[in-house]
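See below for the structure under consideration.
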Protein chains: 2
Amino acid sequence: MTQALQGCKVLDFTHVLAGPIATNYLCLQGADVVKVESAQGDTMRNYGGLTPGQPGNAGMGPSFVSVNSGKRSMVLDLKNERHLAVARRLVAWADVVIENFRPGVMDRLGLGYEACKAIRPDIVFCSVSGFGQSGPLRANPAIDQIIQSMSGLMNLSGEPGSGPMRIGFPVVDTFTGMLAALAIVSALLRREKSGEGQYIDVAMMDAAMVMMVSVAGPYLAAGIQPKKQGNLGYSMSPTADTFPTARGDITIGAVRQDQFEQLCAVLQRPDLVADARFADRRSRQQNAAALRAEVVRALAARTALEWEELLNQAGVAAGAVRELHEALAHPHFAHRGLTLPVQPPGGDPARILNTGFLLASDPGGTRRPPPALGEHTREVLQELGYPPAQVDALLGATAPDAT
Amino acid sequence: MTQALQGCKVLDFTHVLAGPIATNYLCLQGADVVKVESAQGDTMRNYGGLTPGQPGNAGMGPSFVSVNSGKRSMVLDLKNERHLAVARRLVAWADVVIENFRPGVMDRLGLGYEACKAIRPDIVFCSVSGFGQSGPLRANPAIDQIIQSMSGLMNLSGEPGSGPMRIGFPVVDTFTGMLAALAIVSALLRREKSGEGQYIDVAMMDAAMVMMVSVAGPYLAAGIQPKKQGNLGYSMSPTADTFPTARGDITIGAVRQDQFEQLCAVLQRPDLVADARFADRRSRQQNAAALRAEVVRALAARTALEWEELLNQAGVAAGAVRELHEALAHPHFAHRGLTLPVQPPGGDPARILNTGFLLASDPGGTRRPPPALGEHTREVLQELGYPPAQVDALLGATAPDAT
């Protein structure tokens, strides 16, 4: 019995979000991830809602805890030649190298793909960047919201005619991280069969396009340009939309004729089915405003949570609009094993998200906390076979573990 | 030399979006995907912008083409016992079974995980559903916008105080599909090492939570509730936001002090750096409205595209807001090999998105078109070893290939 990535050694030069999310998926599936940080540490250690320096939060910011639990942390100064030599020994140790510096930085450090391949011929090497390692935009700096702008993503959400609207969280970072994880695991599978390593170039801009496949695909295939349509669903059915109720909003997904009829039955408005204006899908779209007004009137009789239950009992997809904390408190998740407990060093007990998929055998997860900065520098140096005197000498130059 | 999934046989019972997106990732990496369809075919064949029945679009709707190219299509009637026997032979042939029926349907068909495992002990079996195979919501119907409502996703985007706002495309479907692909490839890697199969339960609701890790993580770790913040970035810096210009909008990502100083230099407003109201990150947040007004005034001098170039030259992350078609037309993508040509049978030449990651060796992609409905029924039956008379008899019951 074994987790999918058990025994897989990952040398992780990434920081902030997309890269650490990629290695989080590997770590939660059993990989041994050594996170190499500068003496200042990953920016995310002191980021994300709590005041830096607040007790219990020194280097253990909630965003850091979320995606770095189970990894080991090692502090190296990549401008120091002796530390670079350690990095090269780590490459020989590793199955996977992942980095998210600007394109060219790893090459200048002597740690680019070709250099790593010379050390470890079957290395799987993944670069994560804003615009990729090739193309005219490659040198541009990028953060999630820049990619949301340039990719067209900001012109998809909102009411028709409204201005650009960002998706309110760094969704491109998340998607990029998972795409990198998929590419890495795929390359490891290929290596099992062929013995060969791989170089993987993952870009946030490319990832944003792939994430938009449901609109970018039809545009590429047939020139169809996406339109903003508020909360109206992909189907454009007026009864697949979000509506107010006596208390709270509800989204209903009645698309097919039978779903529309069921909806009308639950709303106790069978007359709507008989109404010529709403006779079929096309006529319902043509009389969308009138149909919506009727549905809104009927929904005013109960709360969103009540309608959610009644509609689902009748087989009509419906979900009350919830805040994130309400969603996570739903009893459903207690059955799903979606989260794991972790104990950040020096901090309060916390929970993290697991991989997001359930497995029958050897499920994902970690019992190890997020690492303190440089917590494992000594341990990893010893594993690499450095003699004690050399370990001490190397640690002398790395403040956090130099006590 | 070999693609990562070359030689991998995938028996695909999925339809519409999340499931076909999962197998699209496998197919583009070399897997042999046999898509089992009813005689009516995947709903997506006649969906997504073009009128059903329009010449060149019969069963080749742009949404279908986008995520089904390279697969083989086989028509089976799973209510017919002789066809169920074919499905069981396909299970013996397959490395991976994937399905997105409602929970329990595959069991009732005699094609559930335990039944498949009895036929093929090392099968990797993935179920994709709205709420998963366990928990009180498991039987509920789900579509993307229902999950966006119930997961909290609709309360993350938009201006503070605004109502629920859907992300304007089925992002949960896309993310769920990629998560399923990651889980499947991970299970195949585990099988290479352990010889064991796996059962994978992927739910759109779980996937939505994992997609929101940047906000769900901090909530789980430290109780921090996300707030809507319009186009203001994750950093909450007033100079990491979207602004109007002389022509078009631009998003600027100036977060750190040095980035703010560079921004002011490019705007030819060095006085802003010296201004006590904007002296450091905290004071800039306290005087956000005043700072925004100054930036907007300065940006009125040029177009978004001009500012994009000037700011990037100065090392400040900036991107003009583009429509999707403008983004895809950017010369950058010509260097990225993001898309592939395909020729749908009976339709116009089209392009599809590739995997979204670039590989140095054996890159992803397919030369095969999206399949006509049942195009490969005969071929697959022959591969399974059915004698000619039996092939003809089986085809007699499947209209599309019964010519």
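The values are calculated or read from the model by the stated rules, or taken from the named source; none is laboratory data. Being a predicted model, the structure only gives us computed values, none of them experimental. Don't worry about glycine lacking a Cβ; one is built from the backbone with ideal geometry, like all the others, and counts go over all protein chains shown. The protein model used for the area step is the full one, side chains on, heavy atoms only, and it has no ligands, DNA or RNA in it. Shrake-Rupley method; radii C 1.70, N 1.55, O 1.52, S 1.80 Å.
Brief remarks follow.
- Apart from one condition, B:ASN140 fits all of (1) more than 7 Å from chain A (Cβ to nearest Cβ); (2) surrounded by 24 or more Cβ atoms within 10 Å (Cβ to Cβ); the exception is (1).
- B:SER157 vs. criteria at the interface with chain A (Cβ under 8 Å from one of its Cβ atoms) and either among the small types (Gly, Ala, Ser) or closer than 30 Å to A:CYS8 by Cα (or both): yes
- Residue selected from region B:206-236 under the condition of a type in the set (A, V, I, L, M) and more than 7 Å from chain A (Cβ to nearest Cβ), by the criterion surrounded by the fewest Cβ atoms within 10 Å (Cβ to Cβ): B:MET236
- For region B:109-116, the criterion of being within 12 Å of chain A (Cβ to nearest Cβ), out of contact with any Leu (no Cβ under 8 Å at 6 or more places or on another chain) and open to solvent by 20 Å² or more (accessible area, probe 1.4 Å) is met by at least one residue.
- Complete set of residues in region B:262-291 that are among the polar types (S, T, N, Q) and part of a loop (DSSP other than H, G, I, E, B): B:GLN268, B:ASN287
- From the list A:GLN257, A:GLN229, A:GLN225, the lone residue that is polar (S, T, N, Q) and more than 22 Å from B:PRO62 (Cα to Cα) is A:GLN257.
- Selection from region B:80-91 of residues that are assigned to a helix (DSSP H, G or I) and out of contact with any strand residue (DSSP E or B) (no Cβ under 8 Å at 6 or more places or on another chain): B:GLU81, B:ARG82, B:HIS83, B:LEU84, B:ALA85, B:VAL86, B:ARG88, B:ARG89
- Scanning region A:68-79 turns up no residue that is in a helix (DSSP H, G or I), surrounded by fewer than 23 Cβ atoms within 10 Å (Cβ to Cβ) and either facing chain B (nearest Cβ under 9 Å) or among the hydrophobic types (A, V, I, L, M, F, W, C) (or both).
- Of the helices (runs of 4 or more DSSP H) lying entirely inside region A:308-403, those containing at least 3 residues that are closer than 30 Å to A:ILE252 by Cβ and open to solvent by less than 40 Å² (accessible area, probe 1.4 Å) are A:324-328.
- The selection criterion, being farther than 30 Å from B:GLY346 by Cβ and at the interface with chain B (Cβ under 7 Å from one of its Cβ atoms), holds for A:LEU182.
- Residue list for region B:112-132, filter: touching a residue at least 60 places away in the same chain (Cβ under 8 Å) and more than 17 Å from B:GLU196 (Cβ to Cβ): B:SER127, B:VAL128, B:SER129, B:GLY130, B:PHE131, B:GLY132
- Which listed residue, of A:ALA274, A:ALA290, is over 19 Å from A:PRO160 (Cα atoms) and either modelled with pLDDT of 95 or more or not acidic (Asp, Glu) (or both): A:ALA274
Residues are listed down the side, and each one gets a yes or a no for (1) without any contact (Cβ under 8 Å) to a residue 24 or more places away in the chain; (2) touching a strand residue (DSSP E or B) at 6+ places or on another chain (Cβ under 8 Å):
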| residue | (1), (2) |
| --- | --- |
| A:THR251 | no, yes |
| A:GLN259 | no, yes |
| A:CYS264 | yes, no |
| A:ASP271 | yes, no |
| A:ALA276 | yes, no |
| A:SER283 | yes, no |
| A:ALA288 | no, no |
| A:LEU291 | no, no |
| A:VAL295 | no, yes |
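- Among the residues of region B:123-155, those that are more than 18 Å from the chain's Cα centre (by Cα) and assigned to a strand (DSSP E or B) comprise B:VAL124, B:PHE125.
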